Each structure stands twice: as structure tokens, then as C-alpha cells.
1. Just give me the residues in the stretch 259-277 being among the hydrophobic types (A, V, I, L, M, F, W, C), in contact with a helix residue (DSSP H, G or I) (Cβ under 7 Å, 6 or more places away or on another chain) and either modelled with pLDDT of 95 or more or not in a helix (DSSP H, G or I) (or both), in sequence order.
2. Among the residues of the stretch 67-84, which ones are over 12 Å from ALA29 (Cβ atoms) and in contact with a helix residue (DSSP H, G or I) (Cβ under 9 Å, 6 or more places away or on another chain)?
3. Out of SER214, SER187, report the one residue that is part of a helix (DSSP H, G or I) and either under 26 Å from SER292 (Cα atoms) or at pLDDT 95 or above (or both).
4. Within the stretch 73-85, does at least one residue satisfy the condition of being away from ligand 1 (no atom under 16 Å from the Cβ) and touching a Ser or Thr at 6+ places or on another chain (Cβ under 6 Å)?
5. Would you call HIS254 at pLDDT 95 or above and in a helix (DSSP H, G or I)?
6. For residues in the stretch 180-215 being within 21 Å of LEU268 (Cα to Cα) and acidic (Asp, Glu), which is nearest to ligand 2 (Cβ to nearest atom)?
7. For ALA299, work out the one condition from (1) more than 16 Å from ligand 2 (Cβ to nearest atom); (2) of a type in the set (A, V, I, L, M, F, W, C); (3) crowded, with 22+ Cβ neighbours inside 10 Å it doesn't fulfil.
8. Given (1) within 16 Å of LEU142 (Cβ to Cβ); (2) away from ligand 2 (no atom under 16 Å from the Cβ), where does LEU111 come up short, assuming only one miss?
Amino acid sequence: MYQNMNERELCIGAHVSISGSFARSVSLAQSYGCECMQIFTKSPRTWDAKSIDPTTASAFHEACKAASLPVFAHGSYLANPASSDPVQIEKSIASLSTELLRCEVLHIPYLVLHCGHGQDDTQRSASFRVVSCLTEAYTRVLAHPVHDHNHSVMVLLENSAGGKTSVGNMFEDIAEIIDNISDSGFSRHIGACFDTCHAYAAGYALRTEDDVHSTCDALFSIISPHYLRLIHLNDAQYACGSGRDRHLPPGKGHIGVLGFSALLHHPLIRDIPLICEVPISDQMSGQELIRSVKDIGKAMLES
Ligand SMILES: [Zn+2]
Ligand SMILES: [Zn+2]
């Protein structure tokens, strides 16, 4: 159905490690054959972060420019913008502000954020807390002078994997938060990231061409393509609707080669950078990972 789309180039990359140095992550991504990349700007499992000195930041920025690699950052796993605990919320606002400033210094235009999870109250109040956490973080960052920067980092809200109290399982949840943040005057700071494993775990079918069409129709009718700036291209270790977030390389899990082939041929998906988030290991090197996704993208759909 979308064979003429094969001629358009996909932009495929991976999450890469910053261990060693920020600049080294760029050469690592290049050695894998990445056309875009994602990093953590600090350890995602600790609150603290060593500040980034200007030389490190400019070496990273220059390396990205020289490699022509669009770069994305993924936020801390500890932040929980949906929490009803005031201490957790304050820590999440502080953490998000810090990460937005780190992105600013590193010239990274996008920061992926999980919406978090509420406690025993309604999804609605939890999602309102996400809105106020984000708007407070933006307000603090905008008040913070960073030399020669224009505070243009956009937070990309990522859909969640379907946990009972998690916010952002359904596309409607993400769209509502985006609308409320835009209404608060921060429309240029908010967007979305679509994670295929999370969507599948949350109950969106993606195994066949028909599945992919109906899930993508829902996605793009609920969240405007204008807001969708990144796809996390991950296969799922568990069945559709499992609520379990375990990533596998594209084609190696329940979504499978057919599902990813249909995704990579979808005209709107093809326009968006695609990042694989699986551990690079002896079983699958970075080169093998990127090559295998490119092969799925090149293969014709069977129908
Ligand atoms: Zn994520
Ligand atoms: Zn993801």
C-alpha cells in the first residue's frame, strides 16, 4: 500500500551511553550507523548531577554538528510529576528544571519525560499534577539566565506501558496534558514521544498491517503530528495489554517483523526520528541493531 514511501529515507538511531564522555557518545552512535541518537544527560537513577563545564558542552555540540546527528535526551527515572506527595513533586520539579538546563547547555532541543504515576486518586487529578509540575519547571527555567541560550528545549511526553496508576497509558491522556500545558502558555515547550513497546503493553495492537493502521490512525487523530517529534522503536517481550515494560530489539518480540515493517512504511511514522532503546550487548551489537532495523524498513510489506 505504501510502496512509493520506500524511497523516502528513514532516520534510525539508538540510545547510546555517555560513559566516557558526552563527545564519545557521538562517535559511538556514528560507529553503530545511527542517523539520530538519544542520551541521558546524567544518571537516570540518581537525583544529583555533576555540572557540565562549557568545554565539555561545546565539544559535544561540535561533535553532533560535525556528525549531523539530531540528538534527544531522556529524563530521569526518579522524577514523578504525577505524584501527590509534595516532597516528591518538589524533587521532580527541581530535577526537571536541572535537566532542561542541562539540555540547554548541551544544545539538545528535546527532553523525553515519563508522565509518572499517581497514588490512590483519580487519573484526572494525577494528570493535572503533571501539568502543574511541568509549568512550574518551565517557569523556573525561564527565570534562570543561561548565557547565549534562548530556553527552547521541548519536553516530549512519552506514552506509558499501562501500569494501573500510571499516567499517559492512553493517547487521550497525553493529548489532554499537552492541551493544558499549551493553554498555560507553554505550547512551544511541549510535544510527544510514541514508544511502540509501551503502546503494545498498554493494549494497542501492532502485530499486523491492519493493527498498525488502526493504532496509527488513533495516535495521529488524538495527538496532532505536529506534536509527535520522536518514536521509540522497541519490540515487546510480553503480550499486548500485559502492562509490562520490557523492551526487545525491533522484530525480536511480540510485535514482530510484520508489525515493524508496517510501522516503518507508515507515511507519518517515516517522517519522525526513530530511536531503539535496547541494551547494546554481545548478543546484539549497535551495528547489528541499526542494520536489522534498516533491513526491516527496506523490506516490502507482504500484502
Ligand atoms: Zn522512556
Ligand atoms: Zn521509550
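The values are calculated or read from the model by the stated rules, or taken from the named source; none is laboratory data. Bear in mind the structure is a predicted one, so any value in this text is a computation, not a measurement. As a convention, Cβ positions derive from the backbone with ideal geometry for all residues, glycine included, and neighbour counts pool all protein chains shown.
1. Once the filter is applied, which keeps residues that are among the hydrophobic types (A, V, I, L, M, F, W, C), in contact with a helix residue (DSSP H, G or I) (Cβ under 7 Å, 6 or more places away or on another chain) and either modelled with pLDDT of 95 or more or not in a helix (DSSP H, G or I) (or both), the stretch 259-277 yields PHE260, ALA262, LEU263, LEU264, LEU268, CYS276.
2. Listed by number, the residues that qualify are ALA73, GLY75, SER76, LEU78, ALA79, ASN80, PRO81, ALA82, SER83, SER84.
3. Only one candidate qualifies: SER214.
4. Looking for residues that are away from ligand 1 (no atom under 16 Å from the Cβ) and touching a Ser or Thr at 6+ places or on another chain (Cβ under 6 Å), one finds none in the stretch 73-85, hence no.
5. No, not satisfied.
6. ASP195
7. (3)
8. Just one mismatch for LEU111, condition (2).
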